[in-house]
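Written below as structure tokens is the structure these notes are about.
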Amino acid sequence: MPPPTSDDIVGLDMMVRGQVIVPGSILYEAEAKKQHNAMYHSNKPAFYVHCKDAADIQETLKFVTKHSMELSIRSGGHSICGSSIRNGSVVVDVGRICHVDYDESTESVTVGPGATLSDVNVHLLRRGRMTPVGVIPATGCGGLITQGGVGWLLHRYGTSVDNVIAMTIVLADGTLKELDHSSTGDDRELFFAARGAAGVLGIVTSITMRTYPMENVTGGLWAMLDDEKYS
Ligand SMILES: Cc1cc2nc3c(=O)[nH]c(=O)nc-3n(C[C@H](O)[C@H](O)[C@H](O)COP(=O)(O)OP(=O)(O)OC[C@H]3O[C@@H](n4cnc5c(N)ncnc54)[C@H](O)[C@@H]3O)c2cc1C
């Protein structure tokens, strides 16, 4: 299939609830600047699709497959190596899927991939709860939680991904999968693989994690300075 024409891209923009941002629009340059690593601020993706829900992602994946294009997945834009904004790719940006919901009955929290660690921490702190995430508040849940997630609570409760109890993911063929520890057969394998390598399997739209009671002291820093002035 040949590359998409501008009419094809306008067609995609009309199909999604979110927004398509193409080269030449005033927003296009600003999009690259959202990456945390400034080394990639000059990257030139084919275009960006800001997805608002799973249906937008499905529509975009259909388009990308039809036109044999490459895609990048962006949640919080904190990829150190620029994997979420590759040159020439369609950037599927799920930053607007950023809900955070604590469920008191199961003591679990469900987050959208675009929620930041700060969104999660603040939401849980207000409810006297916490869950293991990374240390830099602006990092996105989509990349951090699905790929590992090492933070202050590591030694007590493990990595973020150790605490994932359910996940919703749109696979490359557009299938929406709800996965958890009760999944069987292929879905069981998928759930195992998605907890560490979600980005090569599909696009995650929500993640549910265990939470723990907030205690008085959860961590701290003890610096030992090699200077007699401080001894
Ligand atoms: C300043 C800084 C501090 C950091 N601190 C920590 C830390 O304390 N602990 C730690 O463990 N890591 C840390 N990291 C690493 C960080 O966890 C990873 O770079 C992570 O991928 C960032 O997630 P993101 O959603 O912001 O990234 P993005 O740039 O949006 O995405 C990066 C990659 O994650 C995958 N991905 C993103 N969203 C999805 C999705 N919805 N579905 C499937 N795959 C997806 C894709 O492969 C994508 O290319 C840090 C990185 C930076 C730049």
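Miscellaneous remarks
Quick grid of which residues meet (1) aromatic (Phe, Trp, Tyr); (2) modelled with pLDDT of 95 or more; (3) within 12 Å of the ligand (Cβ to nearest atom):
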| site | (1), (2), (3) |
| --- | --- |
| VAL91 | no, yes, yes |
| ILE97 | no, yes, yes |
| TYR102 | yes, yes, no |
| THR106 | no, yes, no |
| VAL109 | no, yes, no |
| LEU117 | no, yes, yes |
| HIS123 | no, yes, no |
| ARG127 | no, yes, no |
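- Qualifying residues in segment 138-150 (those that are small (Gly, Ala, Ser) and surrounded by fewer than 20 Cβ atoms within 10 Å (Cβ to Cβ)) - the one nearest to the ligand (Cβ to nearest atom): GLY148
- Spans of helices (runs of 4 or more DSSP H) in segment 93-180 with at least 1 residues over 16 Å from the mean Cα position of the chain (by Cα): 117-125, 154-157
- Of note, PHE63 satisfies the criterion of being free of Cβ contacts under 8 Å to residues at least 60 places away in the same chain, open to solvent by less than 40 Å² (accessible area, probe 1.4 Å), closer than 22 Å to LYS177 by Cα and among the aromatic types (Phe, Trp, Tyr).
- A Cβ distance below 7 Å, combined with a sequence gap of six or more or placement on separate chains, defines the contacts here; from segment 115-135, residues that are open to solvent by less than 30 Å² (accessible area, probe 1.4 Å) reach residues that are part of a helix (DSSP H, G or I) and among the aromatic types (Phe, Trp, Tyr) in the pairs PRO132/TYR157.
- Residue that is most open to solvent (accessible area, probe 1.4 Å), among those in segment 29-58 that are more than 16 Å from the ligand (Cβ to nearest atom) and under 26 Å from GLY202 (Cβ atoms): LYS44
- The set of residues in segment 155-174 that are within 9 Å of the ligand (Cβ to nearest atom) and either hydroxyl-bearing (Ser, Thr, Tyr) or surrounded by fewer than 20 Cβ atoms within 10 Å (Cβ to Cβ) (or both) comprises THR159, SER160.
- Within segment 67-76, tally of residues that are within 19 Å of LEU176 (Cβ to Cβ) and either within 13 Å of the chain's Cα centre (by Cα) or among the charged types (D, E, K, R) (or both): 2
- Exactly one residue out of GLY18, GLY77 is closer than 19 Å to ILE207 by Cβ and in contact with a His (Cβ under 7 Å, 6 or more places away or on another chain), and it is GLY77.
- The single condition among (1) within 15 Å of PRO45 (Cβ to Cβ); (2) polar (S, T, N, Q); (3) more than 10 Å from the ligand (Cβ to nearest atom) that SER83 does not satisfy is (3).
The values are calculated or read from the model by the stated rules, or taken from the named source; none is laboratory data. Since the model is a prediction, treat every value here as computed from it, not as a measurement. Counting neighbours? That spans all protein chains shown, and the Cβs are built from the backbone with ideal geometry, glycine included. Surface areas here come from the heavy atoms of the whole protein model, side chains and all, with no ligands, DNA or RNA. Shrake-Rupley method; radii C 1.70, N 1.55, O 1.52, S 1.80 Å.
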